[in-house]
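Have a look at the structure below, then the notes.
We did not get these values from a lab; they are worked out from the coordinates using the rules stated. Since we're looking at a predicted model, the values are computed, not measured. FYI the Cβ positions are ideal-geometry reconstructions off the backbone, even for glycines, and counts take in every protein chain you see.
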C-alpha cells in the first residue's frame, strides 16, 4: 500500500508564497476544536474552528481570512490568548 497512488486519482500539488507562519490567532484562552480537516478547501469567512471553555461554552470563533487549503492543524488543543 505505501508508495502507491490509488487508481484514478491525481496527485495534489499545492503552491503559494511559502509563508507558513500565517495562522489563526485567538484573543481568549481555552480548548480549540477544529471545524476543518487537513487539505480541506476553504473560502474566506469559513469557520475554521472555535475556542471553548471547560464548560463547553464557545468563547471565540476563528474564520478564514482568505480562500485556500488547510495545510496545518494544531496538535495540542489548549490555546493561550495572544497578548
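In what sequence do 61, 10 fall when counting other Cβ within 10 Å, fewest first? Display every interim value, and only then the final one.
Numbers: 61 12, 10 6.
Taking fewest neighbouring Cβ atoms as first place, the list is 10, 61.
Sort 18-28, 34-44 by packing, meaning the average of other beta carbons within 10 Å per residue, with the highest value first. Before the final figure, lay out each step's value.
On the way: 18-28: 10.1, 34-44: 12.3.
The most tightly packed comes first, giving 34-44, 18-28.
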Q | Fewest-first sequence of 73, 59, 14 by Cβ atoms within 10 Å of each Cβ | A | 14, 73, 59
(Q) Once you keep just the Cα pairs under 8 angstrom separated by 6 or more residues, what percentage relative contact order results for the chain? (A) 33 percent
(Q) Between 56, 15, 45, where does the largest GNM mean-square fluctuation fall for the chain, given springs only between Cα atoms within less than 10 Å? (A) 15
Q | Taking the C-alpha atoms of the chain, convex hull volume expressed per residue in Å³ | A | 143 Å³
Q: Treat each spin label as a single point 7 Å out from the Cα along the C-beta direction, and report the residue 36 to residue 65 distance in nm.
A: 1.3 nm
Q | Label-point separation in nm, residue 27 to residue 54, each point 7 Å along Cα→Cβ | A | 2.5 nm
